[in-house]
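Participant: One structure coming up, written as structure tokens, with questions to follow.
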Amino acid sequence: MNPFTEFAVSAARKAGELLKSRLNTPHSIDYKGVVNLVTEADRMSEALILDLIQRQFPDHSVLTEESPERERDSSYRWIIDPLDGTTNYAHGYPVFCVSIALEQDGNMIVGVVYHPMMDEMFVSEKGKGSWLNGQRIWVSDTSDLSRSLIATGFPYDVRESENNNLNYFNSMIMKAQAIRRAGAAALDMAYLAAGRFDGFWELKLMPWDTAAASLLVQEAGGIVTDLRGRNFSLTAPHVLASNGKIHQRMLSALSEAQE
């Protein structure tokens, strides 16, 4: 494990322990939209991670969910979601995670997703595979969409926008074995990397949702694209990830929903 990865693991664990300790306490909640919220725990977790980065890597750029981007003259950029699954967290539903990724010259080289309630640390390094609590993980080998467990989510503007994933959900639910909607995209993709899910798609995600998790999936042998099968990038908000064996079938199901 390189020093960058060791740092990301340590920071994610500290932030996760903070979140876990505050889960069942009253929360201060602000709304960024009709259903898009932020808690004091989001900000506390982010402040903890930013402080650690400032002390260890003051010359690195940082992109995080709750603060303005910090740009430095550096080839390195940290991409952070201090609390993925805020709505779950605000309701005391224990499905959430911390996501920390490191990008070098536009290429993801480290990805860490930590689920503190299960003490599960998902770690990936470019070219060195993906790991869960020190054990190598791989995507599933399921090749039949009708026997696949798929994950998805719905955007915060589901009430206002027609591009709200309901059409894709209706198409996919008739073809997959089952669909889960847990409310934390980074954790869904980490589970895909570990073979717990066979596929995942979601609309209108942000870079901090997918940066670490996309590397986890790819280093575990999976595929990450946009909804039309084109190369994935952090600026493409619509994401499709799979074990590779059902990717084309998922693309077809999503394409049918557009017709």
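The values are calculated or read from the model by the stated rules, or taken from the named source; none is laboratory data. In this text the structure is predicted, and so the values were computed from the model without any measurement. For neighbour counting, all protein chains shown are included, and Cβ atoms are generated from backbone atoms with ideal geometry for every residue, glycine included. Note: accessible area is taken over every heavy atom of the protein model, side chains too, but ligands, DNA and RNA are not part of it. Shrake-Rupley method; radii C 1.70, N 1.55, O 1.52, S 1.80 Å.
Participant: Given (1) crowded, with 23+ Cβ neighbours inside 10 Å; (2) touching a Pro at 6+ places or on another chain (Cβ under 8 Å), where does Ile80 come up short, assuming only one miss?
Facilitator: The single condition Ile80 does not satisfy is (2).
Participant: Another one. Can you name the residue in segment 146-166 that is modelled with pLDDT of 95 or more and under 28 Å from Val98 (Cβ atoms) and is also most open to solvent (accessible area, probe 1.4 Å) among such residues?
Facilitator: Taking the candidates together, the pick is Leu149.
Participant: Please go through segment 128-161 and pick out each residue that is at positive phi and touching a residue at least 40 places away in the same chain (Cβ under 8 Å). Talk me through it step by step, then tell me what you get.
Facilitator: Within segment 128-161, the first condition is being at positive phi, and the residues that meet it are 129, 133-134.
Within segment 128-161, just Gly129 meets the criteria.
Participant: Could you please give the count of residues in segment 111-145 that are open to solvent by less than 70 Å² (accessible area, probe 1.4 Å), within 25 Å of Ala178 (Cα to Cα) and acidic (Asp, Glu)?
Facilitator: Final tally of qualifying residues: 2.
Participant: Okay, next question. Give segment 1-34 a look and list any residue that's at pLDDT 70 or above, touching a strand residue (DSSP E or B) at 6+ places or on another chain (Cβ under 6 Å) and hydroxyl-bearing (Ser, Thr, Tyr), or say none.
Facilitator: Correct list: Thr5 only.
Participant: List the number of the failed condition for Asp209; all other conditions in (1) open to solvent by 10 Å² or more (accessible area, probe 1.4 Å); (2) more than 20 Å from Leu83 (Cα to Cα) hold.
Facilitator: (2)
Participant: I'd like to verify a number: residues in segment 39-64 that are open to solvent by 50 Å² or more (accessible area, probe 1.4 Å) and outside any helix (DSSP H, G or I), how many?
Facilitator: 2
Participant: Continuing with this model, one more query. Where residues in segment 167-202 are of a type in the set (D, E, K, R) and either over 13 Å from Leu216 (Cα atoms) or open to solvent by 30 Å² or more (accessible area, probe 1.4 Å) (or both), which of them is nearest to the chain's Cα centre (by Cα)? Don't jump to the end; show me each part of the working.
Facilitator: Step one: list which residues in segment 167-202 are of a type in the set (D, E, K, R), which gives 175, 180-181, 188, 196, 198, 202.
Adding the requirement that they be either over 13 Å from Leu216 (Cα atoms) or open to solvent by 30 Å² or more (accessible area, probe 1.4 Å) (or both) leaves 175, 180-181, 196, 198, 202.
Details: Lys175: 24, Arg180: 15, Arg181: 13, Arg196: 15, Asp198: 15, Glu202: 11 Å.
The extreme case among them is Glu202.
Participant: Of the conditions (1) at negative phi; (2) without any contact (Cβ under 8 Å) to a residue 24 or more places away in the chain; (3) within 17 Å of the chain's Cα centre (by Cα), Asp119 clears all except one; give me its number.
Facilitator: (1)
Participant: It is to be established whether one or more residues within segment 76-84 are out of contact with any Ser or Thr (no Cβ under 6 Å at 6 or more places or on another chain) and among the hydrophobic types (A, V, I, L, M, F, W, C).
Facilitator: Quick first cut of segment 76-84, residues out of contact with any Ser or Thr (no Cβ under 6 Å at 6 or more places or on another chain) only: 76, 78-79.
From what's left, among the hydrophobic types (A, V, I, L, M, F, W, C): 78-79.
Looking for residues that are out of contact with any Ser or Thr (no Cβ under 6 Å at 6 or more places or on another chain) and among the hydrophobic types (A, V, I, L, M, F, W, C), one finds at least one in segment 76-84, hence yes.
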